[in-house]
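Participant: Below is the structure I would like to discuss, written out as structure tokens.
The values are calculated or read from the model by the stated rules, or taken from the named source; none is laboratory data. Predicted model only: the values in this text are computed from it and were never measured. As a convention, Cβ positions derive from the backbone with ideal geometry for all residues, glycine included, and neighbour counts pool all protein chains shown. To get the accessible areas, we keep the full protein, side chains included, count just its heavy atoms, and leave off ligands, DNA and RNA. Shrake-Rupley method; radii C 1.70, N 1.55, O 1.52, S 1.80 Å.
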Amino acid sequence: MADHEIEPVEIEDIGSNPDPRRAIGELIEERLSRRTALRGLFAAGAAAVLTGPAAAEVPARPAHSTGNSPEAGPSSLRFPELRHQLAEGDAVAEGHSIQTLIRWGDPILADAPELDPAAQTPEAQARQFGYNCDYLDFFPLPRGAGGSDHGLLVVNHEYASPGLMFPGLGAGSQARRHVSEQQARIEMMAHGGSVVEVRREAGAWSVVRESHLNRRITAETPMRLSGPAAGHPRLRTGADPEGLTVLGMLNNCAGGNTPWGTVLTCEENFNLYFGGESAETGPEAAARRRYGIQKQASYSWGRHEPRFDLDREPNEPNRFGWVVEFDPYDPESMPVKRTALGRFKHECCTHAVSKDGRVAFYGGDDERFDHVYKFVTACPWNPADPAANRDLLDEGTLHAARFEADGTMRWLPLVHGEGPLTAANGFASQADVVIEARRAAGLLGATPMDRPEDVETNPANGRVYVMLTNNGRRTAEQVNPANPRPRNIHGHVVEIIPPGAGTPEVDHAAMEARWEIFLAAGKPGVDPGAQYHRATSDEGWLSCPDNCAFDSRGRIWISTDGAAENAGVADGLYAADTVGRGRALTRLFYQAPTGAEVCGPRFTPDDTTLFLAIQHPGEDPGSTFDNPSTRWPDFQPGTPPRPSVIAITRQGGGRIG
Ligand code: FEO
Ligand code: CA
Ligand code: CA
Ligand code: CA
């Protein structure tokens, strides 16, 4: 089950944007001109891609399509698609192999013990692979090489599932309430990230245990704050009176990397860790509400660590919700929280180099009715001098997206002193703007979206793809051109087209762009408004897009999170062409074990290996350590399910897809 959905009272992101609607006159105008925007679907050179009402009238291809002949259809993808199903195990398209590369609790640092699920300790967990793997990145070794057989795997560990990690706690929120101090400290060590040296020999991937490059980052790893909010009084605490150093990173979901070879890891649902009687009082009360911080924390950490208790450290939450940069090749490097990129529930932070060398970083704020952002560096990056790029992320402009009904869009700069971002509205400086980026974006008129997750640029066409996972709470009055479906439980994918996309002159720094809807998820012919290529089969439709990747031919690979609850099928990984006759013709490639979502799709540079992070396997209603819905991937009595990274290759070798 999705991390956002497991505990309706405490964790579900009900949306904390108080004003997701737009002025009524604006809305009517948008409705009248929506046809203009949807015209973009056809303008993409993909006559076969359908828009709303038309899609529902086109019968999907019949079921029983395992072995759908890929050779016969318009898709460039050459694998027989899987069938939709729910199962304890996982599955991949015929002709491919799955190898479990690393699991929760596997040793990675020197002297780390093997996982003993019945007797886990914080000390062991701090040296082992963490829980709930999400973002994946692959940095070739040696540094600067483009190889695909040897590298560093960088992995986020988003959150902990105590009911599945520890015996006797029960399921879901009940388990979280009963966590002991020892278990809370294990949870802290299971958060953060891992860097692991991996190698392929004779076709098989393995982890290099105790490599001097292996690293664990946890909820206690020291990090530096930089950018406009660093040192600000709102970031100062008893332990850090200067507001410059933080312990740890929390709820790191997806991420990205930089052209200069560092990794970006993104703090998402940081609100869940903080609580206290004073949560709703004092000068921070409104800002906390906007980020979903409540009296009752979801985690019990505040009982043992004063900094998670708002009554004792009211400013600690302001030190989370940031993008964190670190050098994966240097295990001693101190991670840096880059506050210029704003504070919100960052899903990801992915880069695209603009024609003038400045770099845009795209990201979504994963909450119902929140926004899509991009940060543009003030200076071009310098390929010749790595040191010159070291603090490039401290200077630049954060923008939020406003999608217009005519198929254009604007990037609204979050700059102190401009428009409503003044002292009159509580923004005394740029520090206040980035600390309360959500409120700033809303005041500027950014478009409230259907939970923006991954935002990734397709290197083949320069277009930027926004995964909007779902928003079952959007009403008919709250629809807008880029989020056109009320009760959008299946989500959709929006394509942003920067000026010059597909040419060397692409301008990711521009203030304007165009946009289209690439697909609207759900079952064609059944779910209102579902839109795909007309040839999408009964196995090819998807629900709840979350992360995505592009292979070197520019085809999109979309992973899902929430399909079981919303569509009755397992989460999985789907692939489609983005251009040509097979545009938006999605095909099911990988099916996750029950309870799991699929994260972090990551190809090696040569496309011969696809790494996937399989997160929260067994997280089904009522599923516990003692009686889990699956014991994937070990299937051993007494061993609970283990979030793991898998490596998918083609049998006999060759490029995937
Ligand atoms: Fe952690 Fe937005 O998924
Ligand atoms: Ca997740
Ligand atoms: Ca996600
Ligand atoms: Ca998700």
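Participant: Could you check how many residues of the stretch 324-349 are among the polar types (S, T, N, Q) and surrounded by fewer than 24 Cβ atoms within 10 Å (Cβ to Cβ)?
Facilitator: Count: 1.
Participant: Sticking with this one: Got a sec? Which strands (runs of 3 or more DSSP E) wholly within the stretch 74-170 have at least 3 residues that are among the aromatic types (Phe, Trp, Tyr), over 30 Å from ASP577 (Cβ atoms) and away from ligand 4 (no atom under 16 Å from the Cβ)? So that I can check it myself, show each step before the final result.
Facilitator: Numbers: elements: 96-103, 133-140, 150-157.
Because the criterion is at least 3 residues that are among the aromatic types (Phe, Trp, Tyr), over 30 Å from ASP577 (Cβ atoms) and away from ligand 4 (no atom under 16 Å from the Cβ), no strands (runs of 3 or more DSSP E) in the stretch 74-170 meet it.
Participant: Going by what's in this entry, would SER161 be described as away from ligand 1 (no atom under 16 Å from the Cβ), within 23 Å of the chain's Cα centre (by Cα) and among the hydroxyl-bearing types (Ser, Thr, Tyr)?
Facilitator: Working: away from ligand 1 (no atom under 16 Å from the Cβ): no; within 23 Å of the chain's Cα centre (by Cα): yes; among the hydroxyl-bearing types (Ser, Thr, Tyr): yes.
When the stated conditions are applied, SER161 does not pass them.
Participant: Still on this model: Hey, which of the strands (runs of 3 or more DSSP E) in the stretch 183-287, taking only ones fully inside, have at least 1 residues that are at pLDDT 95 or above, open to solvent by less than 30 Å² (accessible area, probe 1.4 Å) and of a type in the set (A, V, I, L, M)? Reasoning before the result, please.
Facilitator: On the way: elements: 192-201, 204-207, 215-217, 222-226, 245-247, 252-257, 263-267.
Of the strands (runs of 3 or more DSSP E) lying wholly inside the stretch 183-287, those with at least 1 residues that are at pLDDT 95 or above, open to solvent by less than 30 Å² (accessible area, probe 1.4 Å) and of a type in the set (A, V, I, L, M) span 192-201, 215-217, 222-226, 245-247, 252-257, 263-267.
Matching residues to (1) touching a helix residue (DSSP H, G or I) at 6+ places or on another chain (Cβ under 6 Å); (2) of a type in the set (D, E, K, R); (3) closer than 20 Å to ILE217 by Cβ:
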| site | (1), (2), (3) |
| --- | --- |
| GLY248 | no, no, yes |
| ALA254 | no, no, yes |
| ASN257 | no, no, yes |
| LEU264 | no, no, yes |
| GLU267 | no, yes, yes |
| GLU277 | no, yes, no |
| GLU280 | no, yes, no |
| ALA286 | no, no, no |
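Participant: Could you say which residue among ARG650, ARG602 is over 17 Å from the mean Cα position of the chain (by Cα), more than 16 Å from ligand 4 (Cβ to nearest atom) and under 27 Å from GLY151 (Cβ atoms)?
Facilitator: ARG650
Participant: How many residues, within the stretch 534-546, are open to solvent by 10 Å² or more (accessible area, probe 1.4 Å) and part of a strand (DSSP E or B)?
Facilitator: Residues in the stretch 534-546 being open to solvent by 10 Å² or more (accessible area, probe 1.4 Å) and part of a strand (DSSP E or B): 0 in total.
Participant: Which of the residues spanning the stretch 146-167 are open to solvent by 40 Å² or more (accessible area, probe 1.4 Å) and modelled with pLDDT under 95?
Facilitator: Passing the criteria: only GLY146.
Participant: Okay, next question. Of all residues being in contact (Cβ under 8 Å) with a residue 60 or more places away in the chain and closer than 17 Å to GLU267 by Cα in the stretch 369-392, which is farthest from ligand 1 (Cβ to nearest atom)? Just the residue, please.
Facilitator: The residue in question is LYS374.
Participant: Find the residue count for the stretch 600-634, including only residues that are under 17 Å from ALA87 (Cβ atoms), out of contact with any Gly (no Cβ under 8 Å at 6 or more places or on another chain) and assigned to a loop (DSSP other than H, G, I, E, B).
Facilitator: Residues that pass the stated criteria total 2.
Participant: If a residue has to be closer than 18 Å to ASN17 by Cα and aliphatic (A, V, I, L, M) to count, how many in the stretch 465-509 make the cut?
Facilitator: 4
Participant: Of the residues PRO628, PRO593, only one is modelled with pLDDT of 95 or more, out of contact with any Cys (no Cβ under 9 Å at 6 or more places or on another chain), open to solvent by less than 10 Å² (accessible area, probe 1.4 Å) and away from ligand 1 (no atom under 16 Å from the Cβ); which? Walk me through it before giving the result.
Facilitator: Values: PRO628 fails: open to solvent by less than 10 Å² (accessible area, probe 1.4 Å).
Being modelled with pLDDT of 95 or more, out of contact with any Cys (no Cβ under 9 Å at 6 or more places or on another chain), open to solvent by less than 10 Å² (accessible area, probe 1.4 Å) and away from ligand 1 (no atom under 16 Å from the Cβ) holds for just one of PRO628, PRO593, which is PRO593.
Participant: Could you list, in sequence order, all residues of the stretch 425-456 that are open to solvent by 10 Å² or more (accessible area, probe 1.4 Å) and assigned to a loop (DSSP other than H, G, I, E, B)?
Facilitator: Residues satisfying the conditions are GLY426, ALA428, SER429, GLU436, GLY445.
Participant: Sticking with this one: For the stretch 484-502, which residues satisfy the criterion of being over 30 Å from VAL569 (Cβ atoms), assigned to a loop (DSSP other than H, G, I, E, B) and modelled with pLDDT of 95 or more?
Facilitator: Hits for the stretch 484-502 are PRO498, PRO499, GLY500, ALA501.
Participant: List every residue pair whose Cβ atoms lie under 6 Å apart, where the two residues are 6 or more positions apart in sequence or sit on different chains, the first residue falls within the stretch 428-439 and is touching a residue at least 24 places away in the same chain (Cβ under 8 Å), and the second residue, located anywhere, is buried (at least 22 other Cβ atoms within 10 Å of the Cβ) and among the hydroxyl-bearing types (Ser, Thr, Tyr).
Facilitator: Pairs found: VAL434/THR339.
Participant: If you don't mind, another one. In the stretch 382-424, which residue that is in contact with a Lys or Arg (Cβ under 8 Å, 6 or more places away or on another chain) and part of a loop (DSSP other than H, G, I, E, B) is surrounded by the most Cβ atoms within 10 Å (Cβ to Cβ)?
Facilitator: The selected residue is GLY407.
Participant: Ok, one more. Working only within the stretch 85-112, note down all residues that are within 12 Å of ALA647 (Cα to Cα) and out of contact with any Lys or Arg (no Cβ under 7 Å at 6 or more places or on another chain).
Facilitator: VAL92, SER97, ILE98, GLN99, THR100, LEU101, ILE102
Participant: Further question on the same structure: Give the stretch 547-582 a look and list any residue that's assigned to a loop (DSSP other than H, G, I, E, B), among the acidic types (Asp, Glu) and either within 16 Å of ligand 2 (Cβ to nearest atom) or surrounded by 24 or more Cβ atoms within 10 Å (Cβ to Cβ) (or both), or say none.
Facilitator: If the condition is that a residue be assigned to a loop (DSSP other than H, G, I, E, B), among the acidic types (Asp, Glu) and either within 16 Å of ligand 2 (Cβ to nearest atom) or surrounded by 24 or more Cβ atoms within 10 Å (Cβ to Cβ) (or both), then ASP561, ASP571 are the ones that fit.
Participant: Still on this structure, please answer the following. Could you please find all residues in the stretch 325-358 being more than 25 Å from GLY231 (Cβ to Cβ) and part of a strand (DSSP E or B)?
Facilitator: Across the stretch 325-358, the qualifying residues are THR350, HIS351, ALA352, VAL353.
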